[in-house]
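The values are calculated or read from the model by the stated rules, or taken from the named source; none is laboratory data. Predicted model, so just to flag it, every value in this text is computed and none were measured. So basically every Cβ, Gly included, is an ideal-geometry build from the backbone, and we count neighbours across all protein chains shown. Ligands, DNA and RNA are stripped out before the accessible areas are found, and what is left, the full protein with its side chains, is counted by its heavy atoms. Shrake-Rupley method; radii C 1.70, N 1.55, O 1.52, S 1.80 Å.
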Amino acid sequence: MSGVPGAFALCGAILWRVRREGVRDLLSAVVPFVVLLVVLSVLPLVAGHGIKGAAVAAAVGARYGADANVVVVGLLLLITPGLAALFGAIGVTRSVQGLVGSEVSRGGMEELLSAPYTPGGIAAAVLGYALVVATGFWAVMTAAGALAITVVLLLSGARLTLDAGYLTLALLLPLLCAWASAGLTLMVSLLFPRLTQLGAGVNVAGGSLGNGLALLPALGTLLALLYGTVSLGPVKLFLMAGGATVVITVAAVAIVAGKFRPETVLDS
């Protein structure tokens, strides 16, 4: 228990330093997300029912009561949570791998390991940082997605009636997915720190194997939303996909807790 306050303090110090040094870089995933949302909101208005998947999008829009611009509304309802999961995973992966990579490159990890911090405390602090960053990306992108849908509804004069099943799926699944990506990134970064040394900036993670592994839950979530929302229904889809992300998160954190050794970082 004595290591818990130390881990909390170290996590706070990491968040403070990253806020001072690289908060702009932490938002690098938000800009393309917003641009893509704008494109997805405008393109169907121009292409109409000629876009691929228009029938599925129209079915989703009609299911939740959209009475105007049904394709646009349905497309946003389908894809916005998946994009929030994907770009949130990209953001947290880059920031966490970049953080560990920069500390390894400039000797910060050696200093932490020589200070009165246990390996478990360091891992817990980085995990706390990863979860805070993941939750922050989720909150910003979810708000942006909700704003995009609201603007489209206001401009088209349409109305929506969203049930609890869809709201649970759209709000919680991207968050669980972001946490899963954070757990996988933590696992790769601490157990295989050489993969994080492709860049020294806080947000630079390069194109390593760790990136691809951490993005798998997000890619799976995006595909599941596109192809499973109609066929499975929001509740069943959330239970299946959400359960998978929880298992991934718990497994990744458990592996770090059992396998992380200081010499892995010191020898990298």
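Residues 87, 192, ordered by accessible area of protein heavy atoms at a 1.4 angstrom probe radius and largest first, appear as 192, 87.
Applying 1/(1 + (r/R0)^6) with R0 = 30 Å to the Cβ-Cβ distance of residue 223 and residue 147 gives a FRET efficiency near 0.75.
Spacing of the modelled spin labels on residue 64 and residue 240, each 7 Å from Cα toward Cβ, amounts to 2.0 nm.
Computing FRET efficiency as 1/(1 + (r/R0)^6) for residue 28 and residue 118, where r is the C-beta to C-beta distance and R0 is 35 Å, gives about 0.60. With a 1.4 Å probe rolled over the protein heavy atoms of all chains, the accessible area of 122, 79 falls in the order 79, 122, largest first.
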